[in-house]
Amino acid sequence: MRVAPVGGTAVQDHVALAEIELCGELIIAASAAEERLSLESIDEVLRVAEERERSAERPA
């Protein structure tokens with residue numbers, strides 16, 4: 001049986017880590033809400049407006 005060596009071999013996927021962080025924030029917001037989150041609330045938690053602004057500022 002082959003086992004991966006310990007330490008120093010992990011590759012970090014920054015996109016995946018960011019997605020996991022956003023999912024966690026969404027879960028926290030949903031669990032704290034008394035009712036279902038509106039689409040606007042979800043967009044706020046996921047910082048959709050901020051990303052749109054950054055995309056608009058980038059040169060095409």
Query raised in the report: Hey, what do the phi angles of segment 42-59 turn into as Karplus ³J(HN,Hα) couplings, whole Hz, using 6.51/-1.76/1.60 and θ = phi - 60°, x for Gly and Pro?
Result: 5, 4, 5, 4, 7, 6, 5, 4, 4, 5, 4, 5, 4, 5, 5, 7, 6, x
Report summary line: Length gained if Ala32 through Glu19 is fully extended, taking 0.36 nm per residue and subtracting the Cα-Cα distance, is 2.7 nm
Query raised in the report: Going by accessible area, probe 1.4 Å, with all protein chains left in place, what is the ranking of Val15, Val48, largest first?
Result: Val15, Val48
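The values are calculated or read from the model by the stated rules, or taken from the named source; none is laboratory data. Computed from a predicted structure; not experimentally measured. Ligands, DNA and RNA are stripped out before the accessible areas are found, and what is left, the full protein with its side chains, is counted by its heavy atoms. Shrake-Rupley method; radii C 1.70, N 1.55, O 1.52, S 1.80 Å.
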